[in-house]
Each structure stands twice: as C-alpha cells, then as structure tokens.
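Written below as structure tokens is the structure these notes are about.
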Amino acid sequence: MADDNANVWSDNTDSLITEIDEEIEGKYKFGLRDLFTNTSKYAKQQNIQVTISNMKEDANKYIDNIISEMANESKTMEYDLSKVDAMTKQLGQNISMQSRQHGIPLVKPLEVVRDTEREETIVFDSIDLETMKLIEKLISSSVFVADFSYQHRDYNIGSWLFGGSKNYTINVYLPPNTVMDTELSRDEINDLIDEAADMLK
C-alpha cells in the first residue's frame with residue numbers, strides 16, 4: 001500500500017478517491033491519495049489519528065450521498081443478489097452432495113495458485129437438469145473442489161474451482177451494478193484508511 005507510489009486498489013476505487021479528495025480539498029493539509037501513497041510522511045504530524053478518523057467520516061458521508069442518489073440501482077441490486085444467493089445455495093448443496101458421493105474433497109482454501117489462462121470458466125444465470133449433470137461430470141473427474149464463494153451484505157455469490165488434469169471454474173452470474181461497485185470501493189477505501197492509521201500508531 002503505502003510509500004511505493006503504486007496504486008494497489010481497483011480502478012473504480014481510484015476514481016472514487018479522486019472524487020473524495022476534490023470534495024475535502026482545503027479541509028485537510030493532505031488528501032486520501034497522499035495518505036495512502038506517502039503514509040510515513042505524516043508519522044510526526046500532530047493529532048494525525050484524529051485527522052485520519054475525520055477523513056474517514058467525511059469519505060463515508062460522501063459515499064453515502066452517492067448511494068442515496070441511486071435508488072433504482074439499489075433496488076435492482078437487491079433483486080439480483082437475492083436471485084444469485086438462491087442459485088448459489090442450490091448449486092452449493094448439489095456440489096456438496098456430489099462431492100461426498102464421489103469421495104472428492106470439498107475445501108474452502110484461502111487461495112489456490114492457479115494458471116487461470118488454462119482454466120475453463122463457465123458462468124450460469126439459471127440452473128436446470130443439464131447444469132446438474134455437468135456438475136456431476138466435473139466432480140467425477142476432479143481431484144478436489146475448492147469453494148471460492150463469497151458474501152456481499154447477507155448474500156452469497158457462488159464460485160467453485162474443480163481441480164484436476166484440467167481446471168474448470170463455475171461462477172454464478174451477477175449483473176454489473178454501480179451501487180455494488182461503490183460499496184466494494186467503500187470497503188477498499190476504509191481498509192486503506194485503517195491500514196494507514198495502524199502504520200502511524
């Protein structure tokens with residue numbers, strides 16, 4: 001993160017950092033981008049923890065205002081996430097059952113070092129009998145199944161890696177949504193702020 005002058009955050013987060021810095025310009029002696037890229041520069045600044053806390057509050061207020069103006073997108077995201085969550089649960093139950101039946105380990109690792117260029121990725125936006133047949137076929141030819149499903153809010157978003165002589169990934173399709181992008185960027189910004197605060201303690 002800090003002191004290397006290289007962005008280690010997403011493009012969407014980068015744009016949001018620029019917007020927030022423009023919004024708070026003049027209120028503080030520095031902006032978020034400078035805090036993230038030159039953290040150690042502020043080690044001896046008086047009341048730096050209070051300043052960082054206030055910047056975090058201002059950043060979140062700005063993001064709240066953005067999201068409040070996207071009511072339609074928020075409603076669409078809730079609908080899409082509930083559909084994805086239901087599909088994830090259905091696929092997850094089937095994958096768990098099929099893995100047990102075939103004696104294939106089903107794991108939830110922190111990470112698997114992968115050559116993604118040699119993987120086949122299959123994305124579903126609906127489930128039918130043929131989908132379940134495909135899953136059974138993938139499991140029967142796998143050495144392991146890795147569950148990389150993740151959560152947004154209270155919703156699960158499915159992603160599984162079927163590891164074998166050739167890797168296959170199954171993902172549940174979540175349509176792009178600006179509200180979700182903004183929420184994920186908020187999380188990223190808050191993590192960066194907390195990391196900077198910890199470094200300056």
Figure the gain on full extension for Glu78 and Glu119 (residue separation times 0.36 nm, minus the Cα-Cα span) and round it to one decimal in nm.
11.7 nm
Take the alpha-carbon centre of segment 24-89, take the same for segment 133-201, and report the distance between them in whole Å.
21 Å
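Just want the ordering: Arg33, Arg100, from fewest to most Cβ atoms lying within 10 Å of their own Cβ. The partial results should precede the final answer.
Numbers: Arg33 15, Arg100 11.
By the 10 Å Cβ count, ascending: Arg100, Arg33.
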Explain nothing, just the number: relative contact order of the chain, from Cα pairs under 8 Å at least 6 residues apart, as a whole percent.
28 percent
Would you mind checking the tilt of helix 48-68 against the longest principal axis of the Cα atoms of the chain, expressed as 0 to 90 degrees and rounded to 10?
60 degrees
Take Val112, Val84 and order them by how many other Cβ atoms sit within 10 Å, fewest up front.
Val112, Val84
Any chance you could give the angle, 0 to 90 degrees and rounded to 10, that helix 71-102 forms with the longest Cα principal axis of the chain?
40 degrees
Partner lysines whose C-alpha sits under 27 Å from that of Lys61, ignoring same-chain residues fewer than 8 away, are Lys27, Lys29, Lys41, Lys75, Lys201
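So if R0 is 22 Å, what FRET efficiency would His102 and Ser126 give, r being the distance between their Cβ atoms, rounded to the nearest 0.05?
Working: r = 25 Å, r/R0 = 1.12.
So, using R0 = 22 Å, E works out to roughly 0.35.
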Identified option (computed percent of Cα pairs over 26 Å apart; candidates (i) 49; (ii) 40; (iii) 31)
(i)
All other residues with a Cβ under 11 Å from the Cβ of Tyr168 taken together, and with Lys, Arg as +1 and Asp, Glu as -1, what is their net charge?
+1
Taking 0.36 nm per residue of separation and subtracting the Cα-Cα distance, what length does fully extending Asn190 through Trp9 add?
64.0 nm
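Can you sort Asp85, Asp58 from fewest to most other Cβ atoms within 10 Å of each residue's own Cβ? Can you show the working numbers first?
Values: Asp85 20, Asp58 16.
Fewest to most other Cβ atoms nearby, the residues stand as Asp58, Asp85.
Tell me the relative contact order for segment 72-172 as a rounded percent, counting alpha carbon contacts under 8 Å between residues six or more apart.
35 percent
Readers should treat all values here as calculations from the given coordinates under stated rules, not as data from a laboratory. Everything numeric here is computed off the predicted structure, so don't read it as measured data. Positions of Cβ are backbone-derived with ideal geometry, glycine not excepted, and every protein chain shown enters the neighbour counts.
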